[in-house]
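The values are calculated or read from the model by the stated rules, or taken from the named source; none is laboratory data. Computed from a prediction, not measured in an experiment: that's the story for all the values here. In this analysis, Cβ positions are derived from the backbone assuming ideal geometry, glycine residues included, and neighbour counts consider all displayed protein chains. Accessible surface areas use protein heavy atoms only, side chains included; no ligands, DNA or RNA. Shrake-Rupley method; radii C 1.70, N 1.55, O 1.52, S 1.80 Å.
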Amino acid sequence: GEMLPSPSDYKSSLIVLTVRNRLLRLSADSGEVLEKVHLAHSYCKFRYLSWDTPQEVMVVKSVQNKLPASRQVNIQEFTLFYLAVFQVLPLSFVGMLEINRKIFGNSVSDVAISNGILIVMYRMGLVRLYNFQAISEQFMEQPFDLGHEFSWNGQLGVVGKYPFGLPCNIKITDTPPLLFEAASLENAFQIGGYPWHYIITPNKKKHRGVFHICSLKDSALAKNGIQEMKCCSLEPDWIYFHPDMSGRIIHVGPNLIKVLKLKEVKNNTDQVEVAEDFTIVANRDNSVNSAVTVTASGRVVKKRFNLLDDDPEQETFKIVDYEDELDLLSTVAVTQTGADGRAHLDLYCNEYGILLKCIPLVESWDVTYSHEVYFDKDLVLHIEQKPNRRFSCYVYQMVCESGKDDDESSSHEKTERALCERGGRIFE
């Protein structure tokens, strides 16, 4: 109910992090610089942007500071990461904290802040969770506002201006209360579902590709909570909680997508079961991977080896995405024939998994290149990275079909959309 302090705060913005430790807020329409924040001097290199709370709280993370070869002790040797936290609408400084060896140990490999939780990851596969709000309240030395003059450690400067930047005003002097910890291979750890559950891979290499779904309350394994595709492929399968906040789980393999749900076990309300909601299967010729084939003359031929599940000549799932405003689940499946690869984007009903539309992508898809596909509202972007950092971007726009009379169209036909290519490659 309050007015934002500046008219520019109402403009759609892009947040940009530069190599010179500057945080820029640019107009999404014109590219004009609306705000500029100097983060820190050369002692720290900020390189990563992420959301704590989407569209509300943003986190800027530094690269990891390495222990110098010198054994001389000073404060910089003990700081592994710096995290600067901002609120948006309007852009304001919450605080900056350091992850210190003295407090969190020597084996910290990475940190993150997400949904109010400080996540600390260790090289041995251990993940620890802390309450970031409680940390900021307990260890905040002094709040600061961007653009205000201040005196800090005997230095006089302006918050967010060169050369001083931002003060490290959240000093963790003691180990904060631990909320939760779990051991997982390669720090793979996720929380979601209802009631709250988490997904880990047991911290042994032989368990790679095996996922355990456990209750956050007591770490009890859910019934049918061990999920494994048992696929033989170069690229591993992946699993994550559905971003639609339904509490479901998406498990993606080379030729199979499982959408799982958590439900109470009959006659036992204290136990939760993992059950299939629906599955999506790649369109493959199963006879191609058969171990035994019969020739036209009747001779039986046995293969010495089986094809990989993600063999490029077979249709393979590469990307799965969710569009929240249209409530559609989208998949990109690719088939490589010789030097030419073809891909198609499929749109599914997010609730029931019914295929609504299949759109072949016009451009070729080379599986040896890096690809990203973004589906948002009425736009589909396909970004392809070729060798020597050459990029191609293909833009598709969704348009309404106007060839049918509304009175003669079914409800499904009225809502059906078509994709047409607009502009082809935008840059290369």
What accessible area per residue, rounded to a whole number of Å², is obtained for the stretch 309-399 using a probe radius of 1.4 Å? 47
Highest average packing first - 219-229, 119-129, 326-336, Cβ atoms within 10 Å: 326-336, 119-129, 219-229
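Which FRET efficiency value, to the nearest 0.05, do you get for residue 162 and residue 183 by plugging their Cβ-Cβ distance into 1/(1 + (r/R0)^6) with R0 = 45 Å?
Computed FRET efficiency for residue 162 and residue 183: 0.55.
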Taking Cα centroids, how far is the stretch 243-269 from the stretch 190-226 in Å? 12
Just reorder 251, 148 by solvent-accessible area, largest first, 1.4 Å probe, all chains present. 148, 251
Rounded to the nearest percent, how much of the accessible area of the chain (1.4 Å probe, protein heavy atoms only) is carbon and sulfur? 51
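Can you tell me how much longer the chain between residue 337 and residue 397 gets when fully stretched, taken as 0.36 nm per residue apart minus their C-alpha distance, in nm with one decimal? List each step's numbers first, then the result.
Values: separation 60, 0.36 × 60 = 21.60 nm, distance 2.73 nm.
Here the segment from residue 337 to residue 397 would lengthen by 18.9 nm.
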How much accessible area per residue does the stretch 134-234 have, in Å², with a 1.4 Å probe? 60
Excluding residue 96 itself, what net charge comes from residues whose Cβ is under 12 Å from its Cβ, given Lys and Arg +1 and Asp and Glu -1? 0
With a sphere of radius 10 Å drawn around the Cβ of residue 246, what net charge do the other residues whose Cβ falls strictly inside it have (Lys, Arg +1; Asp, Glu -1)? -1
Please work out the Cα center distance from the stretch 347-406 to the stretch 74-148, rounded to the nearest Å. 38
With every protein chain in place, what's the accessible area of residue 214 (1.4 Å probe, Å², nearest 10)? 10
Summed over the other residues with a beta carbon less than 14 angstrom from that of residue 195, with K and R at +1 and D and E at -1, the charge totals +1
About its Cα centre, how strong a charge dipole does the chain have in debye, to the nearest 20, once Lys and Arg get +1 and Asp and Glu get -1 at the Cβ? 2380
Would you be so kind as to identify which of 168, 257, 124 lies farthest towards the positive end of the dipole of the chain, taking Lys and Arg as +1 and Asp and Glu as -1 on Cβ and the Cα centre as origin? 124
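Per DSSP helix of 4 or more residues, -39500 (n - 2.57); summed, then divided by the residues of the chain. What does that give at 222 nm, rounded to the nearest 500? Kindly include the intermediate steps, with their values, before the conclusion.
Details: 4 runs with 21 residues, N = 428.
Rounded to the nearest 500, it is -1000 deg cm²/dmol.
Magnitude of the Cβ-charge dipole of the stretch 309-399, K/R +1 and D/E -1, about the Cα centre, nearest 20 debye? If you can, show how the numbers build up before the last one.
Values: 7 positive and 19 negative charges, 92 e Å.
So the dipole magnitude of the stretch 309-399 works out to roughly 440 debye.
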Taking residue 223 as the anchor, which lysines have their alpha carbon closer than 21 Å to its alpha carbon, excluding any fewer than eight residues away along the same chain? 258, 261, 263, 266
For the residue pair residue 115 and residue 325, what label-to-label distance in nm results when each label sits 7 Å from Cα along the Cα-to-beta-carbon direction? 2.4
Pseudo-spin-label distance residue 344 to residue 15, built 7 Å along Cα→Cβ, given in nm, is 4.0
Per the 1/(1 + (r/R0)^6) rule, R0 = 41 Å and r from the Cβ atoms of residue 265 and residue 92, FRET efficiency to 0.05 is 0.30
Lysine pairs in the stretch 1-155 8 or more apart or on different chains: how many have alpha carbons under 17 angstrom apart? 5
